[in-house]
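Following: one structure in structure tokens, then a few remarks.
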4 protein chains.
Amino acid sequence: MPQGERFIERLKAFIESDGFTRFVMVLIVANAVTLALETSASVMAVVGPVLLLFDTFVLGVFVIELALKLLVYRWRFFTSGWNVFDLIIVTIALLPASGPLSVLRALRILRVLRLISLLPQMRRVVEALLHSLPGMASIVMLLGVVFFVSAVVATKLFGADHPAYFETLGGSLFTLFAIMTLEGWADVAREVQATHPYAYFFFIPFIIVSVFAVLNLFIAVLTNSMQEMQKAELQAEEELTARQSGVLLAELASLREEVSALRKAIVARSREETVP
Amino acid sequence: MPQGERFIERLKAFIESDGFTRFVMVLIVANAVTLALETSASVMAVVGPVLLLFDTFVLGVFVIELALKLLVYRWRFFTSGWNVFDLIIVTIALLPASGPLSVLRALRILRVLRLISLLPQMRRVVEALLHSLPGMASIVMLLGVVFFVSAVVATKLFGADHPAYFETLGGSLFTLFAIMTLEGWADVAREVQATHPYAYFFFIPFIIVSVFAVLNLFIAVLTNSMQEMQKAELQAEEELTARQSGVLLAELASLREEVSALRKAIVARSREETVP
Amino acid sequence: MPQGERFIERLKAFIESDGFTRFVMVLIVANAVTLALETSASVMAVVGPVLLLFDTFVLGVFVIELALKLLVYRWRFFTSGWNVFDLIIVTIALLPASGPLSVLRALRILRVLRLISLLPQMRRVVEALLHSLPGMASIVMLLGVVFFVSAVVATKLFGADHPAYFETLGGSLFTLFAIMTLEGWADVAREVQATHPYAYFFFIPFIIVSVFAVLNLFIAVLTNSMQEMQKAELQAEEELTARQSGVLLAELASLREEVSALRKAIVARSREETVP
Amino acid sequence: MPQGERFIERLKAFIESDGFTRFVMVLIVANAVTLALETSASVMAVVGPVLLLFDTFVLGVFVIELALKLLVYRWRFFTSGWNVFDLIIVTIALLPASGPLSVLRALRILRVLRLISLLPQMRRVVEALLHSLPGMASIVMLLGVVFFVSAVVATKLFGADHPAYFETLGGSLFTLFAIMTLEGWADVAREVQATHPYAYFFFIPFIIVSVFAVLNLFIAVLTNSMQEMQKAELQAEEELTARQSGVLLAELASLREEVSALRKAIVARSREETVP
């Protein structure tokens, strides 16, 4: 093994060691605390520079960690979605946070989300949640079509009289989303009703259809996780049945042996008879 | 085959071809975009006529498509609910959208719903949703009776003092629907309570009963989709048991054959012995 | 059979006939319509007396119907909860609706609820809903204790500063019920927070505990209806297993016959041998 | 047995007797009523001293009860969480309720919670609820991280312009909790939107993620209680299968015995024949 490879191997062992992982986790939690403290103006006035210094230090550690991982895993680095997740979060923190991009300063806190990619039990929860998304795809698409169509209708019908809610397509989509969550929908409906007496024929069906669709979204997720439970159950039953019929088969086998012995006994007797 | 029939056959093949379906789908999506753009006054000022021209073109294609389908399928056209759905949507778009019917202009966007009738996976979702409706019928009827009775009571008791909420039966039904969705119910209840000190005895039971009924509606839908899962499970188990007991039966059958052969051998030998 | 008994028998057949039930149902629906019309002042101005006359006629029919049922079933009349339900509803309609009891006039509409007691499928839904109540009893009791304790604490702590929400124990219970339904809770919490900086430690835990309890109420109902589904499933499986093992037993029985025949063949041969 | 131990035995029998438990329960319920009455100023003006005297009496009984239990069970007293629960509640009632701790006076009502620790069916409900918590741990942690990160982002982005909602980290957490419950979220979002045009990209994803997480929390609890149902079902099936295959095994065993007896008979006869 050439020296370069041996070095890479050692680096890999270091990066994957429990000690290093724990060190990064402690850094993340400490950074979460300092980022929380940075939201307080009075704290910033006293220890502001120290907090920002620590922030830079943590970011530096993250950059080095990612660089080492890239060095060790090369292209395989990108095969794990969690690595890409970490890379994006650290990249956001590195972008120049000035001028029009000053909003990115606030997004530094996103690095606390690395806790999720670091802790296996958290990863599993997120993976389970993501796993339940495909089953929701068709209902989400249907809901999307219903939303789009309703938003265009609402903008055309109510936009001129109720610009606060339905002026643009985007505004209508927001208002309809709020109505779907049943948040303040009655006030919106009463207001629109004042100028369009038949507005109820729009709002009530929209609520019923969208809430029913969300409910079925929920049932899709639930049924999905039930089906996995059921698969486990079916397997347990399969084992049970296999065990029980194993006992029966063993009993049958010994019966067959008995019959076989019987046949041999008869054959033996008939030979004895034919010999003399 | 006469020439007319051959022409119909070719038309059918054309209408049912993947290429034609894809072309219609692209048209619908493009039309969705132009209809969305039509909601913006600034866009309309620049490319308005082009958008309206495209709109007419799409409608023309839809009309021709439906005419061809009617020609090909004749009366069987109406056996599919989805065809009727398409026909209604296109008819709405063809109605004169002026005077009292100007609202129909806004309903042109409904043609985007044709996406649902065009995509098989979307059709299946809608059919599944419709499939879960019959199981909800009796609870919906019960909820209807509760709503009707409550609305009459509320109109009679509170209508005079709170015309904003309970003046007419329709107004009361709307207010009670809002209360069932828990939207702003506490404000309505507090207002009514100011004039009718025992109004709580109306609102709290109404909320509990209607929310409980909705919850049972939800459970009915859920139980329905569970039952279908269960049917599949039972079938899997049936196959499993059948397979296992098939093995046992085969084993038993071969054993029986062996015993049977043994008996025949003995009977044959005893005949041989008695003959000489 | 004495003449009196024969008369009772004929009455019973009449009351239980489909024609009579249908007649009563039509009356209820028609009465529902007239009671709905009575809420409109303009309709009452024109056909008011006719509607009230019809109302009295329907009530008369109901009274006669109940009287006949009492005559026919005697004490057994009270063994059905639905009969008692009908009796209470008709009694409410008969009470003098004047002075302090004028509210009872509005309750005449309750007779529409007789639709539920008349239609078997509606009865079954209500019976199923009532059937799911016992499983909820302990959580409802727990929720009751949590509500009572929270209401006393809120009244004592916030009553003096926020009389609109927490002046009396009853007022606190109402406010807490509204908070549990998440209706406007944030506004109440922000208002109280202004005078009691640590009020969050009351509101947030109350919301979490009460919503969690309601969620478990829901799960209790759901689990109950699932368990009934499961019972049916278990029975189906039991039949399946019984059928399968019936096949195996039949196979075994024929095997035993084969063995038995074998034994007879051997015994027969040995007799033949010993005879000569 | 020394006299001291005999006395302890008798004390234990007394404490665990149904009569004593019922007496304590009656005291708690009566105390609940008097504590409720204490919230009414007019009642306090008339019978205030009596109520307070009764309160002191009940507290005295509770202290004696706990002292006896400590005497009887010694250190084992602390092995039951319910005993510790009772001890904390009584200790709160004994703390001096003056000056900064005056809030503790209002917490005297907490002793009504002893109803839960006293009634076995209530205990079981609470234990079942607590039992479902561990399954929720990872999603609650995930939700916590999402809340923390979102609160820091919201404080940094919107804190300066909307101090009412997002001034401090604590305030942001409260506002986000309200948004998660969908309470008045549209008003907050519209207000923030006025100064930050892209605020929707914060609010809508936050609502979708947090509501989806809560929904999965719910599913986790539901799946947990389903799994327990399923375990019971699997056991019932196991018994069923065992019973059925027991019948088959018995049948097979008797068949084998028959074949075995037959063989022995043949062997014996062949020996007899060869002997002479």
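Assigned by TED's automatic domain parsing to the domain that holds C:LEU129, over 30 Å from B:LEU249 (Cα atoms) and touching a residue at least 12 places away in the same chain (Cβ under 8 Å) - does that describe any residue in the range C:227-239?
So far as the range C:227-239 goes, no, none of its residues is assigned by TED's automatic domain parsing to the domain that holds C:LEU129, over 30 Å from B:LEU249 (Cα atoms) and touching a residue at least 12 places away in the same chain (Cβ under 8 Å).
What tally of residues in the range C:155-184 results from selecting those that are under 21 Å from D:PHE177 (Cα atoms) and either among the hydrophobic types (A, V, I, L, M, F, W, C) or more than 26 Å from the chain's Cα centre (by Cα) (or both)?
9
Under 6 Å between Cβ atoms, which residue pairs at least 6 apart in sequence (or on different chains) link something in the range A:189-210 that is in a loop (DSSP other than H, G, I, E, B) with a partner that is buried (at least 20 other Cβ atoms within 10 Å of the Cβ)?
Filtered contacts from the range A:189-210: A:ALA199/A:VAL192.
Kindly establish whether C:PHE177 is away from chain D (no Cβ under 12 Å), crowded, with 17+ Cβ neighbours inside 10 Å and either at pLDDT 90 or above or not in a helix (DSSP H, G or I) (or both). Reasoning before the result, please.
Details: away from chain D (no Cβ under 12 Å): yes; crowded, with 17+ Cβ neighbours inside 10 Å: yes; either at pLDDT 90 or above or not in a helix (DSSP H, G or I) (or both): yes.
Against the criterion (away from chain D (no Cβ under 12 Å), crowded, with 17+ Cβ neighbours inside 10 Å and either at pLDDT 90 or above or not in a helix (DSSP H, G or I) (or both)), C:PHE177 qualifies.
Give the range C:1-37 a look and list any residue that's under 20 Å from C:LEU70 (Cβ atoms) and among the hydroxyl-bearing types (Ser, Thr, Tyr), or say none.
C:SER17, C:THR21
Return the only residue of B:ILE219, B:ILE204, B:ILE266 being surrounded by 17 or more Cβ atoms within 10 Å (Cβ to Cβ) and more than 9 Å from chain A (Cβ to nearest Cβ).
Exactly one of B:ILE219, B:ILE204, B:ILE266 is surrounded by 17 or more Cβ atoms within 10 Å (Cβ to Cβ) and more than 9 Å from chain A (Cβ to nearest Cβ), namely B:ILE219.
Which number in (1) within 30 Å of B:THR223 (Cβ to Cβ); (2) under 21 Å from the mean Cα position of the chain (by Cα); (3) not β-branched (Val, Ile, Thr) marks the one condition that C:LEU142 misses?
(2)
Could you check the range B:135-166 and list, in sequence order, the residues that are more than 10 Å from chain C (Cβ to nearest Cβ), at pLDDT 85 or above, part of a helix (DSSP H, G or I) and over 15 Å from B:PHE212 (Cα atoms)?
B:PRO163, B:ALA164, B:TYR165
Could you list, ordered by first residue, the pairs with Cβ atoms under 8 Å in which the first is in the range A:2-18 and within 13 Å of A:TYR73 (Cα to Cα) and the second is β-branched (Val, Ile, Thr), at least 6 apart or interchain?
The qualifying pairs are A:ILE8/A:VAL72; A:LEU11/A:VAL72; A:LYS12/A:VAL72; A:ILE15/A:VAL72.
Take the residues in the range D:96-126 that are over 12 Å from D:TRP82 (Cβ atoms) and not in a helix (DSSP H, G or I), then tell me which one is modelled with the highest pLDDT.
D:PRO96
Output the number of residues of the range C:71-101 satisfying the condition of being surrounded by fewer than 16 Cβ atoms within 10 Å (Cβ to Cβ) and over 25 Å from the mean Cα position of the chain (by Cα).
10
Among the numbered criteria (1) within 23 Å of the chain's Cα centre (by Cα); (2) exposed (fewer than 12 other Cβ atoms within 10 Å of the Cβ), which one does A:VAL24 miss?
(2)
Condition (residue is closer than 18 Å to C:VAL145 by Cβ, surrounded by 12 or more Cβ atoms within 10 Å (Cβ to Cβ) and within 26 Å of the chain's Cα centre (by Cα)) applied to the range D:59-67: is it met by at least one residue? Write out each step before concluding.
Residues of the range D:59-67 closer than 18 Å to C:VAL145 by Cβ: D:62.
Those left that are additionally surrounded by 12 or more Cβ atoms within 10 Å (Cβ to Cβ): D:62.
Restricting the remaining residues to those that are within 26 Å of the chain's Cα centre (by Cα) gives D:62.
Checked against the condition, which is being closer than 18 Å to C:VAL145 by Cβ, surrounded by 12 or more Cβ atoms within 10 Å (Cβ to Cβ) and within 26 Å of the chain's Cα centre (by Cα), the range D:59-67 yields at least one hit.
Looking at B:ALA213 and the list (1) aliphatic (A, V, I, L, M); (2) closer than 30 Å to C:ARG243 by Cβ; (3) more than 7 Å from every other protein chain (Cβ to nearest Cβ), which single condition is not satisfied?
Failing condition for B:ALA213: (2).
Which one of these is part of a helix (DSSP H, G or I), within 14 Å of chain C (Cβ to nearest Cβ) and within 22 Å of D:LEU118 (Cβ to Cβ): D:LEU35, D:LEU66?
D:LEU35
May I ask you to verify whether B:LEU133 is surrounded by 12 or more Cβ atoms within 10 Å (Cβ to Cβ), more than 30 Å from B:THR168 (Cβ to Cβ), free of Cβ contacts under 8 Å to residues at least 12 places away in the same chain and assigned by TED's automatic domain parsing to the domain that holds B:VAL214? Walk me through it before giving the result.
Numbers: surrounded by 12 or more Cβ atoms within 10 Å (Cβ to Cβ): yes; more than 30 Å from B:THR168 (Cβ to Cβ): no; free of Cβ contacts under 8 Å to residues at least 12 places away in the same chain: yes; assigned by TED's automatic domain parsing to the domain that holds B:VAL214: yes.
Criteria not met by B:LEU133.
Sort through B:ALA186, B:ALA160 and tell me the only one that's without any contact (Cβ under 8 Å) to a residue 24 or more places away in the chain and crowded, with 16+ Cβ neighbours inside 10 Å. Lay out the reasoning, then the answer.
On the way: B:ALA160 fails: crowded, with 16+ Cβ neighbours inside 10 Å.
Exactly one of B:ALA186, B:ALA160 is without any contact (Cβ under 8 Å) to a residue 24 or more places away in the chain and crowded, with 16+ Cβ neighbours inside 10 Å, namely B:ALA186.
Sort out which residues of the range D:234-248 are surrounded by fewer than 18 Cβ atoms within 10 Å (Cβ to Cβ) and either over 46 Å from the mean Cα position of the chain (by Cα) or closer than 30 Å to D:HIS131 by Cα (or both), and write them in order of number.
D:LEU234, D:GLN235, D:ALA236, D:GLU238, D:GLU239, D:LEU240
Name the residues in the range D:114-130 that are polar (S, T, N, Q) and surrounded by fewer than 18 Cβ atoms within 10 Å (Cβ to Cβ), would you?
Looking only at the range D:114-130, we keep the residues that are polar (S, T, N, Q), and these are D:117, D:121.
Scanning the range D:114-130 gives a single hit, D:GLN121.
Could you tell me which of the residues B:ARG111, B:ARG105 is surrounded by 20 or more Cβ atoms within 10 Å (Cβ to Cβ) and under 30 Å from B:LEU35 (Cα atoms)?
B:ARG111
Limited to the range A:42-58, what total is found for residues that are loosely packed, with under 12 Cβ neighbours inside 10 Å and either closer than 18 Å to A:ALA106 by Cβ or among the charged types (D, E, K, R) (or both)?
Looking only at that region, the number is 1.
The values are calculated or read from the model by the stated rules, or taken from the named source; none is laboratory data. Source: prediction; values computed, not measured. With ideal geometry, Cβ positions are generated from the backbone for all residues, glycine too; neighbour counts draw on all protein chains shown.
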